[in-house]
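The values are calculated or read from the model by the stated rules, or taken from the named source; none is laboratory data. These figures come from a predicted structure and were not determined experimentally. Counting neighbours? That spans all protein chains shown, and the Cβs are built from the backbone with ideal geometry, glycine included.
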Amino acid sequence: MQRNAALLEGPVVRTLVRLTLPMLMAMFAMVGFNIVDTFYVGRLGTEELAAMGFTLAVVMAVNSVSMGLGMGTTAVISKVIGQGDSRGMQRLAMNAILLGVLVATTISLTGLLTVDAIFGLMGAGGVVLEHIHAYMIVWYLGLPLIIVPQVGNSSIRATGDTKTPAKIMISALTANAILDPIFIFGLGPVPGLGLQGAAVATVISQAVALTISFRVLRKRGLIIFERQSWSGLTASWKRILTIGVPAAITQLIAPISTGVITGIVATYGIAAVAGFGVATRLEMFALMVIMAMGSALVPFIGQNWGAGNKARVGRAVKAALMLASGWGAFVWVLSLVVGGPVAAVFNDNPAVIETVTGYMTIVFPSLMFLGVLTTVANSLNALHEPLKSMTLSILRMFVLYVPLAFLGSSLLGLTGVWWAAFTANAASGVAAVFWFRHIFRGLEHEPAPTFAEEAEPVPAGV
């Protein structure tokens, strides 16, 4: 109740910062998970590292689905919390977990039946495919233990508590860091499983996260085990998926379009690709603050919108837009000072460093606009307008960035690709602000429906 009061009544900026900092810790934990795996697998050999590289596309796709489910869960639960519907909150949280189990099981079974075929089409073969098979079989079998904790954490975030999910993810990261060398290389009675050991460590560490998450959910009364009708269950799933599916597609847009851009950059040589890879990773790292704040906006907006505090939602979005654009400007200025030295840390090839600094010089000034776009997209998801959020991502990547990159490359070479990124970020950021104003004005005049009005009635159990 104290957390809800803070979201509904506390100072807007201070509350957003309080929500954002733990989200930032959670994102660092996600990045750390991959770094730890890569660190240990890299010591097995080139073939094992290449095998893990092949699995990245599938892992990212599944993570996009999981993040979409999480976004939908946080958005719908935070709204009913704001409406004061505790029973609706409990039903939605429990049904979100059941949906996570269903989605994870479906993906798991499909993956187990197609693992060799899919990675064979991707070009894997021989010993590398054998390593992939050993890794993915364990990973697919443990997929419910990977997806369900993320859904549970999303329910906790909906209450305004972003610290506990961050602690749960850090616990999983710690467990993975301890278990990775044990199962990969062996220790005592535990045999070394090679690359497959990394998958075993991942599944066990996520089981730790699942256990902690369930304990928190039960202790706080966020979930209940009760019989309910099939219509009530599917009504909850529909509400979550209405936001979750577009959110998942939005998450997939960036890696797909980045793959296309990488193809364009590859025509300028290996050094250009290496530099582009370093620059985009630095960009993702720099944007983590904005991404964390965008995620923190979802429970804040959801609860206040559900409680009818529409003016407070408007103030929160304005504050977040100012903070996001300010952070983008700070990152740009910082890149002017330390861009070259930072690039040299990753690679001492002058061509690579030149590519990184060229990207930073042209693209990083537009990060303030990209921060605005990210903030608006998350705000639209929180307002249950996920298709509009997805439209903004499509506008930036497929309508602007990719076509302009082809045009810029033909006219200006590699620099033209960077100017395409700048133009796409700036234009979509400006468009997002004006469109959001129009959408928000329309929503302000609509009454907020209650949970009972949105969901089908739940008769006696089945």
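What is the residue count in the stretch 12-26 for residues that are under 14 Å from Val289 (Cβ atoms) and among the hydroxyl-bearing types (Ser, Thr, Tyr)?
Summing the residues that are under 14 Å from Val289 (Cβ atoms) and among the hydroxyl-bearing types (Ser, Thr, Tyr) in the stretch 12-26 gives 1.
Looking only at helices (runs of 4 or more DSSP H) that lie completely in the stretch 299-392, which have at least 1 residues being modelled with pLDDT under 90, more than 30 Å from Asp85 (Cα to Cα) and out of contact with any Lys or Arg (no Cβ under 7 Å at 6 or more places or on another chain)?
Fully inside the stretch 299-392 and qualifying: 310-346, 350-363.
Taking Trp435, is it hydrophobic (A, V, I, L, M, F, W, C), in contact (Cβ under 8 Å) with a residue 40 or more places away in the chain, assigned by TED's automatic domain parsing to the domain that holds Val313 and out of contact with any helix residue (DSSP H, G or I) (no Cβ under 6 Å at 6 or more places or on another chain)?
When the stated conditions are applied, Trp435 passes them.
Tell me the residue from Asn4, Asn63 that is over 18 Å from the mean Cα position of the chain (by Cα) and either under 24 Å from Lys167 (Cβ atoms) or modelled with pLDDT of 80 or more (or both), please.
Answer to the selection: Asn4.
Kindly indicate whether any position in the stretch 215-229 is hydroxyl-bearing (Ser, Thr, Tyr) and part of a helix (DSSP H, G or I).
Within the stretch 215-229 (the criterion being hydroxyl-bearing (Ser, Thr, Tyr) and part of a helix (DSSP H, G or I)), the answer is no, since none of the residues qualifies.
Anything in the stretch 53-100 that is β-branched (Val, Ile, Thr) and closer than 13 Å to Ile240 by Cβ? List them, or say none. Steps first, please.
Residues of the stretch 53-100 β-branched (Val, Ile, Thr): 55, 58-59, 62, 65, 73-74, 76-77, 80-81, 97.
Val65, Thr73, Thr74, Val76, Ile77, Val80, Ile97, listed by residue number.
Can you name the condition, by its number, that Gly160 falls short on among (1) farther than 13 Å from Val138 by Cα; (2) part of a helix (DSSP H, G or I)?
Unmet for Gly160, out of (1) farther than 13 Å from Val138 by Cα; (2) part of a helix (DSSP H, G or I): (2).
What are the residues in the stretch 204-218 that are aliphatic (A, V, I, L, M) and within 19 Å of the chain's Cα centre (by Cα), if any?
From the stretch 204-218, those aliphatic (A, V, I, L, M) are 204, 207-210, 212, 216-217; that's our starting set.
Residues satisfying the conditions are Ala209, Leu210.
Here are Ile107, Ile81: which of them is buried (at least 16 other Cβ atoms within 10 Å of the Cβ), within 23 Å of Gly314 (Cα to Cα) and touching a residue at least 12 places away in the same chain (Cβ under 8 Å)?
Ile81
Being hydrophobic (A, V, I, L, M, F, W, C) and either within 23 Å of the chain's Cα centre (by Cα) or in the same structural domain as Lys79 (by TED's automatic domain parsing) (or both), is that true of even one residue in the stretch 349-365?
yes
Give Val101, Val127 a once-over and let me know the one that is surrounded by fewer than 20 Cβ atoms within 10 Å (Cβ to Cβ) and either modelled with pLDDT under 85 or farther than 17 Å from Ile223 by Cβ (or both).
Of the residues listed, the single one that is surrounded by fewer than 20 Cβ atoms within 10 Å (Cβ to Cβ) and either modelled with pLDDT under 85 or farther than 17 Å from Ile223 by Cβ (or both) is Val127.
If you take the residues in the stretch 257-279 that are within 23 Å of Ser66 (Cα to Cα) and without any contact (Cβ under 8 Å) to a residue 40 or more places away in the chain, which one is surrounded by the fewest Cβ atoms within 10 Å (Cβ to Cβ)? Write out each step before concluding.
Here is the first cut: in the stretch 257-279, the ones within 23 Å of Ser66 (Cα to Cα) are 257-259.
Now drop any that are not without any contact (Cβ under 8 Å) to a residue 40 or more places away in the chain, which leaves 258-259.
Working: Thr258: 16, Gly259: 10.
Selected residue: Gly259.
Could you tell me which of the residues Ala292, Ala235 is assigned by TED's automatic domain parsing to the domain that holds Ala432 and out of contact with any His (no Cβ under 9 Å at 6 or more places or on another chain)?
Residue meeting the stated conditions: Ala292.
Can you say whether Ala166 is within 25 Å of Arg43 (Cα to Cα) and buried (at least 18 other Cβ atoms within 10 Å of the Cβ), as far as the supplied structure shows?
No: the conditions fail for Ala166.
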